[in-house]
Amino acid sequence: DGGITQSPKYLFRKEGQNVTLSCEQNLNHDAMYWYRQDPGQGLRLIYYSQIVNDFQKGDIAEGYSVSREKKESFPLTVTSAQKNPTAFYLCASSYRQGNTGELFFGEGSRLTVL
Amino acid sequence: AQSVTQLGSHVSVSEGALVLLRCNYSSSVPPYLFWYVQYPNQGLQLLLKYTSAATLVKGINGFEAEFKKSETSFHLTKPSAHMSDAAEYFCAVMYTGGFKTIFGAGTRLFVKA
């Protein structure tokens, strides 16, 4: 079945450590996205990528980095510069051509900083 | 600035009662509108979407939403709530030609037996 796979589902990190969240899709979508979810705040866009080797900052990109070397993969690195990294992170993808905006989501990764 | 407002962070209904979740958007051009549902510790799943074909949109699990341009609203309804409807619901908007989807803060639906 086609879909989006995020790993790990749960992750614990000590302060000052970088951590990378994996996102892989086999939907043949061109566009991929990372969102951060905090209680009562909805989803906030961190980064998005419309094509391979290209990505743009979203609304809260500070302290995060991404790469898009393959169409199927869009990993997110949460760096030590991110002041409050504890959150639920969601990866999504969508069609680019004829895009009507529907997002397909992974199951999420919950990051806790100890 | 473009925004989506969901009225009520929590809504509680009895099983079998009408579900009404409110969503208003700010826009100067017709957008694409969506409702997503999220169950605990899971990703979001599309319930329904409006893309200007019809103002009344039917989605999965018996949900529907009506686009009212004059009110800039896209409220979600279901005639009879079921226990399995308990979840968080997000209204979202994307503007034509764009790639950024803007989400509301979410409304958590509780269903009482």
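Any read-out appearing in this document is the output of simple, stated calculations on the displayed coordinates, not a laboratory observation. Keep in mind the model is a prediction, meaning the values are calculated, not measured. For neighbour counting, all protein chains shown are included, and Cβ atoms are generated from backbone atoms with ideal geometry for every residue, glycine included.
Odds and ends about this structure:
- Selected from A:Ser93, A:Ile60, A:Gln50, residue furthest toward positive end of dipole (chain A; charges at beta carbon): A:Ile60
- Taking the Cα centre of the protein assembly as shown as origin and assigning +1 to Lys and Arg Cβ atoms and -1 to Asp and Glu Cβ atoms, the resulting dipole is close to 280 debye.
- The phi torsions of the stretch B:50-56, fed into the Karplus equation with coefficients 6.51, -1.76 and 1.60 and a -60° offset, translate into couplings of 10, 10, 6, 6, 8, 6, 9 Hz, rounded to whole numbers, with Gly and Pro shown as x.
- Spin-label pair B:Asn41-A:Thr112: with each label point 7 Å from Cα along the Cα-Cβ axis, the two points sit 1.0 nm from one another.
- For the stretch B:77-88, backbone phi angles converted through the Karplus equation (6.51, -1.76, 1.60; θ = phi - 60°) give residue-by-residue couplings of 9, 8, x, 9, 6, 10, 3, 6, 7, 4, 5, 9 Hz, Gly and Pro being listed as x.
- In order along the stretch A:54-60, the phi-based Karplus estimate (6.51 cos²θ - 1.76 cosθ + 1.60, θ = phi - 60°) of 3J(HN,Hα) comes to 9, 8, 10, 6, x, 7, 9 Hz; Gly and Pro are listed as x.
- Averaged over B:50-56, number of beta-carbon atoms from partner chains that fall within 10 Å: 1
- Net charge of neighbours whose Cβ lies under 11 Å from the Cβ of A:Gln25, counting Lys and Arg as +1 and Asp and Glu as -1: -1
- Taking amide H as placed 1.01 Å from N in the peptide plane, B:Val19 has its amide H under 5 Å from the amide H of B:Lys78, B:Ser80, B:Ala81, each at least 5 places away in sequence or on another chain.
- Look at B:Cys91, A:Cys23 and count the other Cβ atoms within 10 Å of each Cβ; fewest to most, that gives A:Cys23, B:Cys91.
- Using Cβ point charges alone (K and R +1, D and E -1), the dipole size of chain B about the Cα centre works out to roughly 140 debye.
- Pairs exceeding 20 Å between alpha-carbon atoms, taken from B:Lys58/B:Lys100; B:Lys49/B:Lys100; A:Lys57/A:Lys83; A:Lys9/A:Lys71; B:Lys78/B:Lys112: B:Lys58/B:Lys100; A:Lys9/A:Lys71.
- Neighbourhood charge, 13 Å Cβ-Cβ cut-off, centred on B:Arg22 and excluding it, Lys, Arg +1 and Asp, Glu -1: -1
- For B:Glu66, net neighbour charge (Lys/Arg +1, Asp/Glu -1) across residues whose Cβ lies under 12 Å away: +2
- Relative contact order for chain A, counting Cα pairs under 8 Å that sit 6 or more residues apart, in percent: 35 percent
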